[in-house]
Amino acid sequence: MSVYKIIHITQYTYERPVTESVNEIRVYPYFSEDQEILQHDLLVSFSPDIQLYRDYWGNRTGLFSILEPHDRLVIESRLIIRTTRKDALIWTDKASFTQLRADMQQNLQLLELAKPERIRQQEEIHRICSLFYDETLLVPEVVQSFSEYIFQSFTYSKGITTIETTVDEILEHRSGVCQDFAHLLLQLLRSKEIPCRYVSGYICPHKNGMRGEGATHAWVEVWIPGEGWRGIDPTNNVWVTNAHVKLAVGRHFSDCSVVKGTFRGMAKQDLHVYVSVGYEDGMTFEETNQVIMHKEPGQNPSDELPRLTDWQQQQQ
């Protein structure tokens, strides 16, 4: 078990006051048996009432609005959480493809999460799958092979891709960051009708060499017969450990955006994000980043606010 103190501050500043800001936030840790929320405090500018609800994927989501003029919006999440995952994963014969098909017939959402996207380079995806896929193997064995292929064949590099980068482009670049590797793994798995979902959260490895320490992170969860949802991180080629803290799940990253919304006003905006992870031994990792905004005055006043995943893409 591990305990982390995570501070996550999102700050928007506008060159002139804006109004009628409506925002949707997913900063609440995902409820699961693998993590225990010890304390969570949320501070938002102007202290608006936050309406809480569960979205389609089961994420705890907050909705709030700020009607008065403002030139600054700060969303600050202060979290103390304990992760309780078992490090050792032991697969049994229950984790077979035969049992997976039976599970899918009983769960429509599994069927939904097993359908791949339509991409230009699907033949390349099929070629990669053919290297490792065999229905005589257990489901987690195939999943592990796909993850290892991505880890060994693609270069981890910041600044090469953006949130609009497609799987086709990732295959061409042969490089990217955690969101890219998660989306590529999703396409491989779904091309073999293996239910899987995108996960957003934090990675807190503390000096053990894993990529993305102290930052927001993305990985994949796969439905394993007899086990349920189990996470695998293709960026680091590991099954999810106590170093991973889960925020939200969905079909793609857009279902897991930490902050998104709209506002009324013709104003340029800047976005700064601060993330700090405190460890039990007193050590702290912290990082502040400014996101380059591309919207210009004159656009539709109700254009969507830049998603926090823009920042995730750039930082990992």
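The values are calculated or read from the model by the stated rules, or taken from the named source; none is laboratory data. It should be emphasised that the depicted structure is a prediction, and the values quoted were computed from it without experimental measurement. When we count neighbours, we look across all protein chains shown, and the Cβ atoms used for this are built from the backbone with ideal geometry, even at glycine.
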**Item:** Condition check for residue 160: farther than 13 Å from residue 252 by Cα and part of a loop (DSSP other than H, G, I, E, B)
**Value:** yes
**Prompt:** Cβ-Cβ below 7 Å, separation at least six or inter-chain, first residue in segment 41-70 and of a type in the set (Ser, Thr, Tyr), second modelled with pLDDT of 95 or more and assigned to a loop (DSSP other than H, G, I, E, B): which pairs?
**Reply:** 61/26; 61/55; 65/48
**Item:** Options 203, 125: the member that is more than 23 Å from residue 227 (Cα to Cα) and not polar (S, T, N, Q)
**Value:** 125
**Asked** What is the number of the single condition among (1) closer than 28 Å to residue 89 by Cα; (2) free of Cβ contacts under 8 Å to residues at least 40 places away in the same chain that residue 35 does not meet?
**Response** (2)
**Prompt:** Restricting attention to segment 42-93, which residues are more than 22 Å from the chain's Cα centre (by Cα), of a type in the set (Lys, Arg) and surrounded by 15 or more Cβ atoms within 10 Å (Cβ to Cβ)?
**Reply:** none
**Message:** Anything in segment 158-179 that is buried (at least 20 other Cβ atoms within 10 Å of the Cβ), closer than 20 Å to residue 127 by Cα and in contact (Cβ under 8 Å) with a residue 24 or more places away in the chain? List them, or say none.
**Reply:** 167
**Fill in**
Taking first residues from segment 255-278 that are over 27 Å from residue 56 (Cβ atoms) and second residues anywhere that are hydroxyl-bearing (Ser, Thr, Tyr) and crowded, with 20+ Cβ neighbours inside 10 Å, the pairs with Cβ under 6 Å that are 6 or more apart or on different chains are 269/12; 277/4
**Prompt:** Mind checking whether some residue in segment 242-251 is surrounded by fewer than 20 Cβ atoms within 10 Å (Cβ to Cβ) and in the same structural domain as residue 117 (by TED's automatic domain parsing)?
**Reply:** yes
**Prompt:** Which ones in segment 65-92 are among the small types (Gly, Ala, Ser) and either in a strand (DSSP E or B) or farther than 22 Å from residue 244 by Cβ (or both)?
**Reply:** 65, 77
**Request:** Spot the failing condition for residue 278; the list is (1) surrounded by fewer than 23 Cβ atoms within 10 Å (Cβ to Cβ); (2) more than 22 Å from residue 82 (Cα to Cα), and only one is missed.
**Result:** (2)
**Complete:** Scanning segment 108-151 residue by residue, the ones that are assigned to a loop (DSSP other than H, G, I, E, B) and touching a residue at least 60 places away in the same chain (Cβ under 8 Å) total 6
